[in-house]
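**Q** Okay, handing you the structure first.
Here, each number is a calculation from the coordinates, and none is a lab measurement. Since the model is a prediction, treat every value here as computed from it, not as a measurement. Positions of Cβ are generated from backbone atoms using ideal geometry, with glycine treated the same way; all protein chains shown enter the neighbour counts.
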């Protein structure tokens, strides 16, 4: 009876020993399979276990980043969510590099040599890609603080364009002559950019004209106001107005100020208004002068 009891007591110990020596030993041997280079402290072991650990680290990191992105963008409009996808893609690359280094270091591989060797490379890349990093950082600022939105009308280097796409590095806009202009994002941070529609869509525009000295300035003002009131696309409120700007060298200078909702198409509106002004001036015999100079020739008598 005592022998039987001792036998049953030894069974759990033998099972544990079998699991420890055979099953777990087999798993460890499998995980340690791979490429082993060098000996001692400088040895490098690229094993199945390390690859599995890296894969698990990537999966956990990817899930964590996706959860963070959803957390930050859950209350954002769809357009802003698409912008943040680019930001998180950029961040994801750096996080993955950090995860690889931490995982490899945790697996016993000394990464000091790798970091030291790559330091010079990173410095060189940083200097070479300085403008690229400026564009990316500027793109992040633009997306976060919403200083620029799709549909805004901007003026860059004398070109006016309507923004149709904002990316992490560049912004794309279509110009008035139907050409696409690609704007590096750092320009919006380091240079002065005119945004016609940042605060609202309404902008004030002007058409300048000069009339001959002696013209009836009240009649000129009345004609200009009529042109603005009759022109399609010009807002009735705020009301257009005329400014008598100055006495020029050869003309009385006037400026017709008016408001529109489509500053992108304002050249067409201004052109139509100039046609109308010229026609009404002709009807009222109002002359638009051109610069004139009197040349006096003095002939010196020679004896």
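**Q** Mind giving me the FRET efficiency for residue 295 and residue 245? R0 is 41 Å, r the Cβ-Cβ distance, nearest 0.05 is fine.
**A** 0.90
**Q** For a Förster distance of 30 Å, can you work out the FRET efficiency between the beta-carbons of residue 235 and residue 155, rounded to the nearest 0.05?
**A** E between residue 235 and residue 155, to the nearest 0.05, is 0.90.
**Q** Separate question: Note down the Stokes-Einstein diffusion coefficient of segment 145-195 in µm²/s, whole number, using a Kirkwood radius over alpha carbon pairs, 20 °C, and 1.002 mPa s.
**A** Rounded to a whole number, D works out at 199 µm²/s.
**Q** Given 37 °C and 0.692 mPa s, how large is the Stokes-Einstein diffusion coefficient of segment 203-283 in µm²/s, with Rh as the Kirkwood radius over Cα pairs?
**A** In µm²/s, the coefficient rounds to 256.
**Q** Does segment 165-303 come out rounded, prolate or oblate, given a ≥ b ≥ c as the square roots of the eigenvalues of its C-alpha gyration tensor, rounded meaning a/c under 1.5 and, failing that, prolate meaning a/b above b/c?
**A** oblate
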